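To keep things clear, I will list the structure first and then write my remarks on it.
The values are calculated or read from the model by the stated rules, or taken from the named source; none is laboratory data. From a predicted model like this one, the values you see are computed outputs, not experimental measurements. Don't worry about glycine lacking a Cβ; one is built from the backbone with ideal geometry, like all the others, and counts go over all protein chains shown. The accessibility values were calculated without ligands, DNA or RNA, using every heavy atom of the protein model including side chains. Shrake-Rupley method; radii C 1.70, N 1.55, O 1.52, S 1.80 Å.
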Amino acid sequence: SRCKSAKVPRVNPVVFRGGRMDIHDQSEAIAFLSTPGTYGETGAVKVIETHISLVFLIDGRAYKLKRAVKLPYVDFSTYDLRLYYCRREVELNARATPDLYRGIRRITREADGRLVFDGAGEAIDVVVEMNRFAQHDLFDRMASEGRIDAALMRRTAEMIAGVHASAPVVHDGSGSANMAGVLDINEAGFATSHVFEPNAVTALTDAFRRAWAERAERMDRREREDKVRLCHGDLHLRNLFMSPAGPRMFDCIDFNDQIATVDVLYDLAFLLMDLWHRGLAEFANVVANRYLDISRDDDGFALLPFFMAVRAAVRAHVSATQIEEGADAGMALTHSAKAYFTFAGSLLGDRSPRLVAIGGLSGSGKSTLADALAPRLSGPPGARILESDRIRKAMFGVAPEARLPVEAYRPDVSRSVYAELTERAKLILSDGGTVLVDAVFDREDDRNRVQSIAETLGVPFTGLWLDADAQLLATRVRTRPQGTSDATLEVLQMQLARDLGSMRWQRIDTGRPMEEIQADVDALLR
């Protein structure tokens, strides 16, 4: 629906002066929540602290207390405000993870002076009650321990795309003004810090303003097209976890709708930035491509590096603010802040678009090579993979791994698939993005058509034709698990019988280990 965001107390995000002011003594509530007997338990209560909350973990429950603080972007200074935002937290997070958030619990003082949950006395504070999950299942922990993989990240992208599709649309200012507000917060945050060199801060903020101006028109168009929504707002790895039902997000920005009302791709960009910054480029590329396959939002692909840069700058100045508050005894935060600062600058660098097309018969290894090549073909978040099989499945409204009926492969349908491949490639290349097209391309006209896009736009083109022995192709088709391709041995036989015409693309023998193939392709692309 088209709506205004909820009318909640707001603060101006531009006026950021740093610092924290404690408004109310919460020591009694903290002592109450830290006592095992409060919950009828005897084991220790584990406490997790952040700059705006305390989370108390006991048995199978978690209780989140909002600190009585007032900051430029959040105000929890009164009981009524904390009550409102606790309810808001449950409401907003239940959109994506209803089975995690149980509701709110009031902390009341009884006539005899005791504190209890939801008693008849005066309420002195309030907490959000959640079902507890293991810290082991947080994505940042899983990433650090090497326990995430491409399949998990594809499922995560699908989950995020579904949440974004149902998130409320907000028309409360232009798309460019929305992002200008974030840049204002970053600049003000940097101004309160002594971590970064003043000249470097000036150079970075100037680079951000230039990048914003170059993209302002596109961001405004996306707002008009309902791409600005009330999103999660803080979608990094630590706010994702693995539930029994699959990947889930939690702990969204519930205290300031203005911060959470963003372009859906800016919301996604936090996760992409986090993955890439951790050295997990292949997973960032998997998330970006699967999300765009579902949302068909290729118009915004070229904005992702800018959005990722803004997210990195947010992390840099937030870390720097914590340092100013004396929270960096071991210098780890300083190192992290400077790393994010440098990463933000690198994401704003100039890029040269290029087009790579990979063709080959079924079983030749096109998708395997495309997935390996895409993260290295361009800067973050890598190349946009346009795969004929995924586009065909999307046309019929089925999941990428679902099998389509034979009629979905009629010649007229295939012509439509290749037409959409070329149109999407043209759109992304025109905006400065790099594209990798993955299709059989066993017809010379289709190869010429995709190559002509690069020639028309004046971007570099590389065409790769993957060769393999017919027996090897048959073995691969027969033994591979069900994926996006529906090709059977009968389909392969028809492909083998077809005249390829003149082959001008570089032939690559794929009857070898993938490491050798990648090395040859890398050398060719260089």
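Assorted remarks:
- Within region 475-493, the residues that satisfy the criterion of being touching a residue at least 40 places away in the same chain (Cβ under 8 Å), of a type in the set (S, T, N, Q) and in contact with a helix residue (DSSP H, G or I) (Cβ under 8 Å, 6 or more places away or on another chain) are T484, S485.
- Just so you know, in region 71-87 the residues that are open to solvent by less than 30 Å² (accessible area, probe 1.4 Å) and assigned to a strand (DSSP E or B) include one that is modelled with the lowest pLDDT, and it is L71.
- Of note, N178 satisfies the criterion of being of a type in the set (S, T, N, Q) and under 16 Å from F306 (Cβ atoms).
- Of all residues in region 66-80, those that are of a type in the set (D, E) have Cβ atoms under 8 Å from Cβ atoms of residues that are modelled with pLDDT of 90 or more and crowded, with 21+ Cβ neighbours inside 10 Å, 6 or more apart or on another chain, in D75/F255.
- If you go through region 249-263 and keep only what is in contact with an Asp or Glu (Cβ under 6 Å, 6 or more places away or on another chain) and open to solvent by less than 10 Å² (accessible area, probe 1.4 Å), you end up with just D254.
- Of all residues in region 201-225 being touching a residue at least 60 places away in the same chain (Cβ under 8 Å) and open to solvent by less than 40 Å² (accessible area, probe 1.4 Å), the one that is nearest to G162 (Cα to Cα): R222
- Across region 494-518, the number of residues qualifying as under 22 Å from D445 (Cβ atoms) and open to solvent by 50 Å² or more (accessible area, probe 1.4 Å) comes to 9.
- Hey, M179 out of contact with any Asp or Glu (no Cβ under 8 Å at 6 or more places or on another chain) and over 23 Å from E324 (Cα atoms) or not: no
- Selection count where residues are open to solvent by 20 Å² or more (accessible area, probe 1.4 Å) and under 21 Å from F196 (Cα atoms), scope region 291-320: 3
- Among all positions in region 437-449, there is at least one residue which is touching a residue at least 24 places away in the same chain (Cβ under 8 Å), farther than 13 Å from M503 by Cα, open to solvent by less than 20 Å² (accessible area, probe 1.4 Å) and among the aliphatic types (A, V, I, L, M).
- Evaluated against (1) in contact with a strand residue (DSSP E or B) (Cβ under 6 Å, 6 or more places away or on another chain); (2) at positive phi, A370 falls short on exactly one condition, (2).
- The criterion of being assigned to a loop (DSSP other than H, G, I, E, B), surrounded by fewer than 16 Cβ atoms within 10 Å (Cβ to Cβ) and modelled with pLDDT of 90 or more holds for A44.
- Of the residues making up region 13-40, those that are at pLDDT below 90 and not in a strand (DSSP E or B) number 11.
- Once region 318-339 is narrowed to residues that are in a helix (DSSP H, G or I) and aliphatic (A, V, I, L, M), the residue that is nearest to R278 (Cα to Cα) is A339.
- Of residues in region 59-70 being in a strand (DSSP E or B) and in contact with a Lys or Arg (Cβ under 6 Å, 6 or more places away or on another chain), the one farthest from S27 (Cα to Cα): R61
- G189 meets the stated requirement of being over 18 Å from the mean Cα position of the chain (by Cα) and surrounded by 19 or more Cβ atoms within 10 Å (Cβ to Cβ).
- Of residues in region 129-149 being over 14 Å from the mean Cα position of the chain (by Cα) and part of a helix (DSSP H, G or I), the one farthest from F283 (Cα to Cα): Q135
- For K366: the one exception among (1) crowded, with 20+ Cβ neighbours inside 10 Å; (2) closer than 30 Å to M395 by Cα; (3) under 21 Å from the mean Cα position of the chain (by Cα): (3)
- Residue satisfying all of: in region 47-58; assigned to a strand (DSSP E or B), in contact (Cβ under 8 Å) with a residue 12 or more places away in the chain and hydrophobic (A, V, I, L, M, F, W, C); surrounded by the fewest Cβ atoms within 10 Å (Cβ to Cβ) among these: V47
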